[in-house]
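The structure appears right after this line, and notes come after that.
The values are calculated or read from the model by the stated rules, or taken from the named source; none is laboratory data. As the structure is a prediction and not an experimental result, all values here were calculated from the model. Cβ coordinates were reconstructed from backbone atoms using ideal geometry, including for glycine residues, and neighbour counts include every protein chain displayed.
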Amino acid sequence: MLSVRGLSVRYGRSVRALDGVDVEVPADGVLAVLGGNGAGKSTLLRAVSGTLKLHRGTITAGEIRVDGERIDRLDPAVVVRRGVVAVPEGRQVFARMTVEDNLRAGGLGARSAADRAAARQRVHDLFPVLAERAGQRAGLLSGGEQQMLAIGRALMSAPRLLLLDEPSLGLAPQMVGRIATIIREIHAQGTVVVLVEQNATMALRVADHAAVLEVGRVALSGPADELAASDDVQRLYLGGH
Ligand code: ATP
C-alpha cells in the first residue's frame, strides 16, 4: 500500500538524514519504525506526508508511492487529499480552541456533510472522552487526551494511511496501553498505520511489521514478532541482554 524506495533526504547542504531507505507497508498491516534519537524516523514520516519543506528538508533520491501512485512531489494538502494524514510528534492540538472545533478543523477537507458526520461518529466511538469534552478548550485536556484528540482530528479526513510520530511520548503506561489498543482498532477499521516509536515494546506489540532505522538506513526489517525475538533488537531496544 505504501512503498518507499531508495529514499534519501538532506537538510540543508550537510545533514544527510536518510540514505537509500526502502520500506514497504502492505494494506493489511501496521508498520512500526524504530530507532534511536536522530535515526531519521521523523524525517521518514515528513517525507511521506510531504511536509519536509517546512523543515528545510529535500528528497535527493528515491520515490514514495501510495497504492502505486507517486506522492513524493506533492504539496502536503494534496497528500492529505490522497488519503495520507500525519499526527506529528508533540500532539500540537489547537489549545485555545474547543475539542469539537479541533475535530471540525480536521474535517474541513471532507467531501460532504455526511462524510464529516460519519467521521465524527467514528472518532467519538473510538474516543468517547472527546464527545464528553466537546465544548472544552483542548489545552485543558490531559496529555493522553490531547494525543487522542490529535489522532481523532487526523481521522476526521477519513485517511487511508495514518502516520503517527511517537504517540506514546510522555504518557503514563496505562495511557500508552490505551493508545496501543486504539491503534489496533483503527487498523481493524481499514486504515493502514505507520507508527514511529522510541517505545519499542509498545510498538512491536501493536505492529505486524517493523523496520529499525540506524543513522538514516534500514538496519533490520521484517515481521514484528521476529524482530521482537531478535537478539539485536532485544539488546538495543527492549532492554534485554
Ligand atoms: P528523534 O526520535 O530524536 O526525533 P528521529 O529518528 O525522528 O529522532 P529525525 O528527527 O528524523 O530523527 O532526524 C534525523 C537527522 O536529521 C538527525 O541528525 C537530525 O539532527 C537531523 N534533522 C532533523 N530535522 C532537521 C532540520 N529541520 N534541520 C537540520 N537537521 C535536521
Quiz item: Take the residues of region 32-79 that are more than 18 Å from the chain's Cα centre (by Cα) and at positive phi: which is nearest to the ligand (Cβ to nearest atom)?
Solution: R56
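Conditions (1) under 20 Å from R184 (Cβ atoms); (2) in contact with a helix residue (DSSP H, G or I) (Cβ under 8 Å, 6 or more places away or on another chain); (3) modelled with pLDDT of 95 or more, marked per residue:
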residue: M97; (1), (2), (3): no, yes, yes
residue: L108; (1), (2), (3): no, no, no
residue: R111; (1), (2), (3): no, no, no
residue: A118; (1), (2), (3): no, no, no
residue: L130; (1), (2), (3): yes, yes, yes
Quiz item: Is it true that R120 is surrounded by 22 or more Cβ atoms within 10 Å (Cβ to Cβ), assigned to a helix (DSSP H, G or I) and either within 18 Å of the chain's Cα centre (by Cα) or not aromatic (F, W, Y) (or both)?
Solution: yes
Quiz item: Given (1) without any contact (Cβ under 8 Å) to a residue 60 or more places away in the chain; (2) among the hydrophobic types (A, V, I, L, M, F, W, C); (3) surrounded by fewer than 22 Cβ atoms within 10 Å (Cβ to Cβ), where does A138 come up short, assuming only one miss?
Solution: (3)
Quiz prompt | Residues of region 145-173 satisfying the condition of being at pLDDT 90 or above and either in a helix (DSSP H, G or I) or of a type in the set (F, W, Y) (or both) | solution = E145, Q146, Q147, M148, L149, A150, I151, G152, R153, A154, L155
Quiz prompt | Residues being of a type in the set (S, T, N, Q) and surrounded by 22 or more Cβ atoms within 10 Å (Cβ to Cβ) - total across region 158-198 | solution = 1
Quiz item: Among R70, R65, R13, R56, which is the only one that is touching a residue at least 40 places away in the same chain (Cβ under 8 Å) and farther than 20 Å from V193 by Cβ?
Solution: R56
Exercise. Identify all residues within region 154-173 that are of a type outside the set (K, R) and away from the ligand (no atom under 16 Å from the Cβ); write none if there are none.
Key: A154, L155, M156, S157, A158, P159, L161, L162, A172, P173
Quiz item: Quick one: G6 ticks every box in (1) touching a residue at least 60 places away in the same chain (Cβ under 8 Å); (2) on the phi > 0 side of the Ramachandran plot bar one, so which box is it?
Solution: (1)
Self-check item: Condition broken by A86, with the remaining ones in (1) surrounded by 14 or more Cβ atoms within 10 Å (Cβ to Cβ); (2) touching a residue at least 24 places away in the same chain (Cβ under 8 Å); (3) part of a helix (DSSP H, G or I) satisfied
Solution: (3)
Quiz item: Among the strands (runs of 3 or more DSSP E) confined wholly to region 174-228, which include 1 or more residues that are closer than 23 Å to L149 by Cα and more than 14 Å from the ligand (Cβ to nearest atom)?
Solution: 192-196
Exercise. With the condition kept exactly as written, say whether any residue in region 159-177 is hydroxyl-bearing (S, T, Y) and either in contact with a Lys or Arg (Cβ under 7 Å, 6 or more places away or on another chain) or over 30 Å from E24 (Cβ atoms) (or both).
Key: no
